[in-house]
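Below you'll find the structure, written out as structure tokens, and then a few comments.
The values are calculated or read from the model by the stated rules, or taken from the named source; none is laboratory data. In this text, all values refer to a predicted model and were calculated from it rather than measured experimentally. Neighbour counts run over all protein chains shown; Cβ positions are idealised from the backbone, glycine included.
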Ligand code: FES
Ligand code: MG
């Protein structure tokens, strides 16, 4: 049994007077001295649910079961409100607030009498924000997903949240549905509490929190309204108390080995292109080296096993009934593809032990390794004079896209095209249907000014639809490249997260409409076929701060001054040196 850091507030023999001050306000809502001074771990419940955050709002219910579990195991629960991060509600993008929620949770966990924390994760950015904070402070931590929504249905077909928006957008542009029809289809995809039921960023990051070892086995995939979600909430509360007694901390679980496992699992589930950003960020805060070359090297040749939208056809409930993360991990381990079965997890056992013998219960939803949806499902990491790093999710390259762009028998992994450049999504919406641009199937759409500094926060605006006249001709995808991100629920085979971004002087700042571009997936390159002298002249003509609209809030200014590129996780420069905060001692007394 380790000594509790909360006792340095509530029972500090070095400073009796301050103990009274620290104690009395926590007594005044009914907690007793026995509870606060009885050597019981004080457990934070990092609450991300609120009226502003519908994806995570069910955590307000689950918190009751977490509290019951903490109490039953001899701990004292305390709710910690987390700055809201709602993917669909926050302008200019929820990604801007990931680092703000991170900062605020670090300060809270470090500055209050807390011994361990339950991370109430779910909607896209909530999972990385909370894992990043746990990584920095490094007190015992366990994650609990809010769980996906029930499956959406429309006219007998599954409609997936997020994914259906991109489909409906095309149908609307082609005149197949009107505004009311658009709303009806989109709303059908979100029938209950919980996060997106597709393999978007939420399902991805919640699955990876389990693959990293930070959730109880099987906890990620349970749909939000199911009774098992309540059970695992109780068990999570019980478990964190023992983790405090055992001093089992995030740095002992989220090791380099755990990240390598997570990269492999991400390929097998067909995970979001946001995963490298967030995992690279969490790793930075732990001091674990991890970059996009690791993602390609470890993840590219892993098969796609999970048949969920947008790459496949099923949804969250099906994923759960097929066995969720343990079935995926069990099958990968059985095939010798899980690099580190010995990696520890929050329940005190290794991930290999937790998932041994687990296999798919619904082989049409989680496929066998021997007969996957796709053989090489991971990301490729591209570089060239357009950027130093940008990723492409190969599992979403459709047959039609492959036939059109990747079918030259002499050069099957490469294509060339004419650049059509948009400076931000407003410019795209204004001009995409302008026939005078002459956009046809040989064009590559560029979105710039959409990165961490340019937007700010890096918005999910790179997956651009073709002009309506091309959609009517049955052309549903054009290659897209951008320094922003793409929604994990989108199935577009875009080249994303380009770093450095245009606003930081990256190559995308120099590209012009009409330039010829060449993408070679085999060589891992992406270039403007423009000579050096011309590029140098264009660079000399750039304004000092290109593609950077003014700041609207103090946080936008601070964020822009400190933020790193997407390839490095979009973290705040300098924050990573503060890792292991709690072990460095508690802050000074406040009076
Ligand atoms: Fe919140 Fe998808 S928008 S989980
Ligand atoms: Mg999104």
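Do the conditions hold for residue 547, that is, is it outside the structural domain of residue 453 (by the TED database), within 33 Å of the chain's Cα centre (by Cα), outside any strand (DSSP E or B) and modelled with pLDDT of 95 or more? In short, no. Taking segment 457-531 as the region of interest, the strands (runs of 3 or more DSSP E) fully inside it that hold 1 or more residues being surrounded by fewer than 21 Cβ atoms within 10 Å (Cβ to Cβ) and away from ligand 2 (no atom under 16 Å from the Cβ) are 516-520, 525-528.
Of the set (1) over 30 Å from residue 192 (Cβ atoms); (2) in a loop (DSSP other than H, G, I, E, B), all apply to residue 347 but (1).
Scanning segment 551-571 for residues that are outside any loop (DSSP other than H, G, I, E, B) and either closer than 17 Å to residue 279 by Cβ or assigned by the TED database to the domain that holds residue 497 (or both) yields a count of 3. Evaluate segment 152-167: report whether one residue or more is more than 15 Å from ligand 1 (Cβ to nearest atom), modelled with pLDDT under 95 and assigned to a helix (DSSP H, G or I). Yes: segment 152-167 contains one or more residues that are more than 15 Å from ligand 1 (Cβ to nearest atom), modelled with pLDDT under 95 and assigned to a helix (DSSP H, G or I).
Listed here are the residues, each with its yes/no results for (1) under 20 Å from residue 279 (Cα atoms); (2) within 16 Å of ligand 2 (Cβ to nearest atom).
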position: 124; (1), (2): yes, yes
position: 135; (1), (2): yes, no
position: 140; (1), (2): yes, no
position: 144; (1), (2): yes, no
position: 148; (1), (2): no, yes
position: 154; (1), (2): no, no
position: 161; (1), (2): no, yes
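Output the number of the condition that residue 97 fails; it satisfies all remaining conditions of (1) within 16 Å of ligand 2 (Cβ to nearest atom); (2) farther than 23 Å from residue 572 by Cα. Against the list (1) within 16 Å of ligand 2 (Cβ to nearest atom); (2) farther than 23 Å from residue 572 by Cα, residue 97 comes up short only on (2).
Please verify whether residue 180 is in contact (Cβ under 8 Å) with a residue 12 or more places away in the chain, at negative phi and either part of a helix (DSSP H, G or I) or surrounded by 24 or more Cβ atoms within 10 Å (Cβ to Cβ) (or both), treating the condition exactly as stated. So residue 180 fails the test. In this entry, residue 331 is excluded by the filter for residues that are assigned by the TED database to the domain that holds residue 265, part of a helix (DSSP H, G or I) and surrounded by fewer than 24 Cβ atoms within 10 Å (Cβ to Cβ). Identification of helices (runs of 4 or more DSSP H) wholly contained in segment 52-151 with 1 or more residues that are more than 14 Å from ligand 1 (Cβ to nearest atom) and under 19 Å from residue 217 (Cα atoms) yields 59-72, 126-137. I need a count of the residues in segment 194-240 that are more than 26 Å from residue 41 (Cβ to Cβ) and surrounded by fewer than 22 Cβ atoms within 10 Å (Cβ to Cβ). Residues in segment 194-240 being more than 26 Å from residue 41 (Cβ to Cβ) and surrounded by fewer than 22 Cβ atoms within 10 Å (Cβ to Cβ): 3 in total. Screening residue 278 with (1) out of contact with any strand residue (DSSP E or B) (no Cβ under 9 Å at 6 or more places or on another chain); (2) assigned to a helix (DSSP H, G or I); (3) within 12 Å of residue 135 (Cα to Cα) gives one miss only, at (3).
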